[in-house]
Amino acid sequence: MHSSIQSPPRTRSRRFGSIRKVMRARGKRSRMARRVGVDITKSPTHVGRITRMRAGSVPGTFRTAGMMSLFYRDPARDAPRTASPPREREARLRASAVVVSVEPAMMECDGKRIGDRVATRPGSTQGGQGPDSTEDMQVKIASSRGFCFGVEDAIELAEEAVKTHGPGRVVALGPVIHNRQVVERLEREGLGQTGDLDAIDPSQALLIRSHGASPETFEQARRRGLDVVDATCVLVKRAQEVVRQLHEEGYHVVMIGDPEHPEVRGVIGYAPDVTVIDRDTDLEEALPYRERLGIVAQTTHSPEHVAGVIARILCRPYREVKIVNTLCLEVTRRQEAAIQLAREVDVMFVLGGLHSANTQELARLCREVGCETYHLETWEQFDPVMVKGKSVAGITAGASTPESVITEFARNLEAL
Ligand code: SF4
């Protein structure tokens with residue numbers, strides 16, 4: 001004898017009611033997906049990878065780029081608190097366990113597995129593969145290198161200010177840019193420099209460099225009646241504004257960056273209690289549990305590094321994480337070009353100030369590709385042993401390195 005369980009026939013209104021419910025749910029989900037740009041139920045690994053791709057490929061300039069929001073929710077945490085059958089509970093526990101277990105992989109990913117962009121070139125070695133002479137030395141220069149528009153603007157403003165106020169009447173708070181040669185030239189033309197705002201005479205003008213400054217510094221200058229020439233890069237200004245907005249929206253602001261870098265010191269002044277996360281920061285100690293995090297990054301960091309840190313953050317149980325892409329596209333383009341070139345040459349020369357964060361990052365990325373790399377300021381530091389046994393040399397330069405330094409280096413290298 002056969003028995004079958006039959007559902008009671010659905011009434012017309014019940015059927016349409018459930019169809020409407022499904023359509024509403026789908027609409028909500030696709031709206032969410034459009035806004036978020038990723039599937040929110042995926043793992044932090046997936047979210048980190050998408051973040052890296054976004055950070056490295058936002059089209060146009062960042063002046064027009066909008067905010068990129070990203071929310072990750074642990075499905076297990078959001079589940080209704082009703083007793084569930086054992087199998088279901090087990091599945092939820094497994095979902096949570098996945099989140100926890102990816103953490104070591106994430107750390108390994110930092111700059112490597114996430115950063116396919118810097119995947120080691122095939123068959124690369126740290127030594128050169130060319131002949132033991134430099135007779136046939138070929139020199140290649142990165143397609144994107146040297147001065148960015150922010151640095152050009154800052155130098156132009158400094159020169160104009162000296163012309164307007166007169167030599168010795170304008171004082172920069174710290175080096176205008178991280179390039180010794182340019183700073184020395186501006187000093188010769190009459191631009192003063194100090195690290196102490198109180199040392200500036202009220203009859204002199206204050207120049208705020210491209211890295212920007214905190215609101216406190218501007219307030220202090222106003223109280224002292226100083227004439228302020230603001231050369232803060234527009235992209236740094238945007239990062240400052242984003243930090244202020246995130247705080248106003250109720251997020252605890254996290255900045256991925258070097259706490260000693262002048263840009264970071266200025267940006268974090270736009271919200272109280274900002275947590276700065278550096279390469280070696282222990283998240284357990286530095287980032288106590290908060291419901292809502294708002295994340296920004298130092299403009300000169302690489303997408304690989306930022307994505308790696310974000311992935312580590314997402315491994316922790318924050319209910320909402322909002323990421324605003326504050327990376328500088330000028331820097332990202334120079335990084336792409338340097339990585340591309342490092343794959344083709346035997347040795348890379350990265351030219352620029354030894355304290356310049358974006359130049360240091362270029363050198364780090366080239367080394368990560370597996371190319372022997374030297375970070376030098378000018379030709380003066382060159383040693384012929386650096387090209388011994390190499391046949392193709394590549395040159396790139398940080399965003400504060402003048403084209404004249406690059407040209408001189410290339411000419412001398414070719415003439416060896
Ligand atoms: S590197 Fe980017 S953020 Fe920094 S000054 Fe240049 S344009 Fe501005």
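Nothing in this text is a laboratory measurement; each read-out follows from the coordinates by a stated rule. Remember, predicted model here, so these are calculated numbers, not experimental data. Cβ coordinates were reconstructed from backbone atoms using ideal geometry, including for glycine residues, and neighbour counts include every protein chain displayed.
Once fully extended, how much extra length lies between Lys163 and Glu184, figured as 0.36 nm per residue of separation less the alpha-carbon to alpha-carbon distance? Walk me through the numbers before you get to the answer.
Details: separation 21, 0.36 × 21 = 7.56 nm, distance 1.68 nm.
5.9 nm is the gain from fully extending Lys163 to Glu184.
Could you please tell me the mean projected area of the C-alpha convex hull for segment 149-232, averaged over all directions and given in square nanometres to one decimal? Mind dumping the intermediate values first?
Working: hull surface 19.0 nm².
That works out to 4.8 nm², a quarter of the Cα hull's surface.
Scan around Ile395 for amide H atoms under 5 Å from its own, H built in the peptide plane at 1.01 Å from N, and keep only partners 5 or more places away or cross-chain.
Under 5 Å from the amide H of Ile395: Lys140, Ile141, Ala142, Phe349.
FRET efficiency for Asp227 and Asp136, Cβ-Cβ distance as r, R0 = 45 Å, nearest 0.05?
The calculated FRET efficiency here is 0.20.
Report the label-to-label distance for Asp196 and Glu380 in nanometres (one decimal), using points 7 Å from each Cα along the Cα→Cβ vector.
About 2.8 nm separates the two model spin labels.
Would you please give the FRET efficiency between Glu152 and Glu291, computed as 1/(1 + (r/R0)^6) with r the Cβ-Cβ distance and R0 = 35 Å, to the nearest 0.05?
Details: r = 42 Å, r/R0 = 1.21.
So the FRET efficiency works out to roughly 0.25.
Arg333 versus Gln220, label points 7 Å from Cα toward the beta carbon: distance in nm?
Inter-label distance under the simple model: 3.6 nm.
Write out the chymotrypsin sites (Phe, Trp or Tyr not before Pro) in segment 217-293 meeting two conditions: DSSP loop, and at most 12 other Cβ atoms within 10 Å of their Cβ. Working shown, then result.
Details: sites: Phe218, Tyr251, Tyr270, Tyr289; in loops: Tyr251, Tyr289.
Sparse-neighbourhood loop chymotrypsin sites (Phe, Trp or Tyr not before Pro): Tyr289.
Which Cα, out of Thr232, Gln204, Leu186, lies furthest along the positive dipole direction of segment 149-232 (beta carbon charges, K/R +1, D/E -1)?
Checked the options; the winner is Gln204.
Would you work out the charge dipole size for segment 149-232 about its Cα centre, treating the Cβ of every Lys and Arg as +1 and the Cβ of every Asp and Glu as -1, and quote it to the nearest 20 debye? Mind showing how you got there, number by number?
Values: 9 positive and 15 negative charges, 29 e Å.
Around 140 debye, computed over segment 149-232.
Cut-off is 10 Å between beta-carbons; in what order do Glu156, Glu285 appear when sorted fewest neighbours first? Please list the in-between numbers first.
Details: Glu156 11, Glu285 7.
Listed from fewest to most nearby Cβ atoms, that is Glu285, Glu156.
Could you tell me which trypsin sites (Lys or Arg not before Pro) in segment 193-260 are loop residues by DSSP with no more than 16 other beta carbons within 10 angstrom of their beta carbon?
Arg224
Checking the a/c ratio against 1.5 first, then a/b against b/c, what shape does the Cα gyration tensor give for segment 170-324?
Note, shape of segment 170-324 comes out prolate.
May I ask you to sort Asp273, Asp227 by Cβ crowding, counting other Cβ atoms within 10 Å and putting the fewest first?
Asp273, Asp227
Trypsin sites (Lys or Arg not before Pro), restricted to segment 385-415: which are DSSP loop and have at most 15 other Cβ atoms within 10 Å?
Passing sites in segment 385-415 are Lys388.
Calculate, in nm to one decimal, what Glu344 and Arg319 gain on full extension: separation in residues at 0.36 nm each, minus their alpha carbon distance.
Working: separation 25, 0.36 × 25 = 9.00 nm, distance 4.44 nm.
In short, 4.6 nm is gained.
Give me Met386, Met348, Met255 sorted ascending by neighbouring Cβ count inside 10 Å, so fewest comes first.
Met386, Met255, Met348
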